[in-house]
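Everything below concerns the one structure shown next.
The values are calculated or read from the model by the stated rules, or taken from the named source; none is laboratory data. Keep in mind that what you see is a predicted model, and the values were worked out from it rather than measured. Note: ideal-geometry Cβ built from the backbone for every residue, glycine included; neighbour counts use all protein chains shown. Each accessible area value is taken on the protein alone, full model and side chains, heavy atoms only, with ligands, DNA and RNA left out. Shrake-Rupley method; radii C 1.70, N 1.55, O 1.52, S 1.80 Å.
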Amino acid sequence: MTNKLLDCQYSHTQESAEISKLSPIAEDMQLIFSKIESDLPFVKDNSLQDLMSYTKNMEYPIHRWYQFKEGYSHKLVTTILKDYAPPKNFPAILDPFCGSGTTLLVAQANQLPAVGVEINPFIAFLSRVKTGWFKINPEELERVLKRVLKDNKSARFPLPELTTFHNEEYFPNKNAYELVRLRDAIHRRKTTPEVKDALILALVASLEDVSCLRKDGRLLRYIQRDVITPKEALFKRTMVILEDLIAMENCLSQDTKVLQGDARQLDSLLSQNIVHNKFGLILYSPPYLNNFDYSEVYKCELWLTGFINSYSDWKELRKKTFRSHPESRIPSTSYLKDTPSQREIHLLVEKAARCQDIGSYAQTRAPRVIRGYFDDVFLMLKEQMVRLVPGGYIVCVVGNSKHGNLYIPVDTLIAKIGQALGLELVAIRIGKYRFSRNQKNQRLRESLVVFRKPELL
Ligand SMILES: C[S@@+](CC[C@H](N)C(=O)[O-])C[C@H]1O[C@@H](n2cnc3c(N)ncnc32)[C@H](O)[C@@H]1O
């Protein structure tokens, strides 16, 4: 990834001199950022307020098969499709961080071809099963469900190695064993791969019904409560899938591709998978710069589905994800630094990383995360530009963050990196404000950064 970018004439001596002057306090940074923002096309858009979260999706067919808390509303995608429609001759839509597949399902419902990329194998599976809904035969699903629920094979199947499954407070009534037994019963049935996958998804969606663990921000939290049995939960969750499949029997479908891979290597990933198209709209929400580690929060799902079977595989996955959290550790890079047009932004990121007010815990880890995150932003945008048709739009949905007392306007920095790459910045539409977890008086923006690729780029 590095070599392409190393052909610049960059004066390292000059840079070292400038950087040695940097060690600002949070207030200095705030002033610098405010000055930059006064020249950017910000708009507060109240109509987006309720569309930035997944909650409403839980009332909608297929979206409701699994609650993916970090996703956005399907209505947000509908709004974006209306405001930034792909050109008629390039209708395909790309989501390089497709998560639970919200973008892809809405594209599908609008009869538009769509491709999603996702690095986490469980989350890619989730997207694949949902967007492949029309391949699941409802009668066969019901038949196999009955057989699985009647299967009383009593042999004890080994639990996944992940210690969480071995804690009886987390999984009361030996529910962890029952989950694994049901998983095995699903795998043993003779049926189509689509029916098996739908049942595995229903089983995984049951994790919250049968355990005392709740996803709470970056953590799984223990909450003492009554749980139901895995058989009851599997039945309940599969019934929801069946209901939606029956309701959608006459709906048209559109084939959608979900690729497991890295959005920072988009072009080669698409080419390897024989996706040669150019896209008219690239719409996504990358991981936020907030230390959230998807591989940690979705660990039970990863291990129960068998996508991860050992601690070393788990560590490898964490290491190679987007550099938004300290467990992500690809070798350090210097793309912003080594690209002349990004030099000002590099200095800005470097100042932020050296800020005195990052906070004691984060002092050692945050600077590496901040530098890595914006190098990854540069890479993702650069790769997206290769596949975006001239005149097409990129819409990036992102939230700002706080590290100690340092406020980082991620939307602004993404806007600046995109502009320096040659993209036209159409708008930064502020969707809503949320409160920082640690400092309740600090409001953090969540915005849509909208770019257009100029015709002559
Ligand atoms: C904010 S979520 C996307 C949610 C999605 N918009 C939805 O509605 O479900 C970001 C996703 O990016 C994925 N991710 C992290 N690093 C990645 C990478 N390098 N390439 C592709 N996906 C990545 C995470 O696993 C996560 O699912």
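Among the residues of segment 398-438, those that are in contact (Cβ under 8 Å) with a residue 24 or more places away in the chain, open to solvent by 50 Å² or more (accessible area, probe 1.4 Å) and farther than 22 Å from Asp375 by Cβ comprise Asn405, Glu424, Val426, Arg434, Arg437, Asn438. When the residues of segment 327-340 are filtered to those that are open to solvent by 10 Å² or more (accessible area, probe 1.4 Å) and in a loop (DSSP other than H, G, I, E, B), the one that is nearest to Leu421 (Cα to Cα) is Thr339. Out of the residues in segment 255-297 that are touching a Leu at 6+ places or on another chain (Cβ under 7 Å) and polar (S, T, N, Q), state the one that is nearest to Leu213 (Cα to Cα). Among residues in segment 255-297 that are touching a Leu at 6+ places or on another chain (Cβ under 7 Å) and polar (S, T, N, Q), the one nearest to Leu213 (Cα to Cα) is Ser295. Could we say that Leu289 is within 16 Å of the chain's Cα centre (by Cα) and within 21 Å of Tyr72 (Cα to Cα) here? So Leu289 fits the description; yes.
Of all residues in segment 107-126, how many are more than 15 Å from Leu388 (Cβ to Cβ) and within 10 Å of the ligand (Cβ to nearest atom)? Adding up the residues that qualify gives 9.
Can you pull out every residue in segment 351-393 that is away from the ligand (no atom under 14 Å from the Cβ), under 21 Å from Tyr335 (Cβ atoms) and among the β-branched types (Val, Ile, Thr)? Scanning segment 351-393 gives Ile370, Val386.
Let's see how each residue does on (1) free of Cβ contacts under 8 Å to residues at least 12 places away in the same chain; (2) crowded, with 20+ Cβ neighbours inside 10 Å; (3) of a type in the set (Val, Ile, Thr); (4) part of a loop (DSSP other than H, G, I, E, B):
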| residue | (1), (2), (3), (4) |
| --- | --- |
| Lys56 | no, no, no, no |
| Gln67 | no, no, no, yes |
| Tyr72 | no, yes, no, yes |
| Lys75 | no, no, no, no |
| Lys82 | yes, no, no, no |
| Ala85 | no, no, no, yes |
| Phe90 | no, no, no, yes |
| Val106 | no, yes, yes, no |
| Gln111 | no, no, no, yes |
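Of everything listed in (1) part of a loop (DSSP other than H, G, I, E, B); (2) away from the ligand (no atom under 16 Å from the Cβ); (3) modelled with pLDDT of 95 or more, the single unmet condition for Pro158 is (3).
Between Gln265, Gln260, Gln254, the distinction of being at pLDDT below 95 and among the polar types (S, T, N, Q) belongs to Gln254 only. There is at least one residue in segment 52-65 that is farther than 23 Å from Leu201 by Cα, within 11 Å of the ligand (Cβ to nearest atom) and in contact with a strand residue (DSSP E or B) (Cβ under 7 Å, 6 or more places away or on another chain).
From the list Ile223, Ile186, the lone residue that is touching a Lys or Arg at 6+ places or on another chain (Cβ under 7 Å), farther than 27 Å from Glu142 by Cβ and of a type outside the set (Lys, Arg) is Ile223. Screening segment 295-315 for residues that are acidic (Asp, Glu) and within 13 Å of the ligand (Cβ to nearest atom) and picking the one that is most open to solvent (accessible area, probe 1.4 Å) gives Glu296.
Name the residue that is surrounded by the fewest Cβ atoms within 10 Å (Cβ to Cβ), counting only residues in segment 127-146 that are assigned to a helix (DSSP H, G or I), more than 16 Å from the ligand (Cβ to nearest atom) and not acidic (Asp, Glu). Looking at residues that are assigned to a helix (DSSP H, G or I), more than 16 Å from the ligand (Cβ to nearest atom) and not acidic (Asp, Glu), I get Lys146. When every residue of segment 352-372 is checked against the conditions, none turns out to be open to solvent by 20 Å² or more (accessible area, probe 1.4 Å) and under 26 Å from Leu94 (Cβ atoms). Selection of helices (runs of 4 or more DSSP H) fully inside segment 195-294 by the criterion of at least 1 residues being open to solvent by 20 Å² or more (accessible area, probe 1.4 Å) and within 16 Å of the ligand (Cβ to nearest atom) returns 266-272.
In the same structural domain as Ala26 (by TED's automatic domain parsing), modelled with pLDDT of 95 or more and β-branched (Val, Ile, Thr): does that describe Ile274?
Against the criterion (in the same structural domain as Ala26 (by TED's automatic domain parsing), modelled with pLDDT of 95 or more and β-branched (Val, Ile, Thr)), Ile274 does not qualify.
You will find that of Arg323, Arg343, the residue that is modelled with pLDDT of 95 or more, surrounded by 15 or more Cβ atoms within 10 Å (Cβ to Cβ) and in a helix (DSSP H, G or I) is Arg343 and no other.
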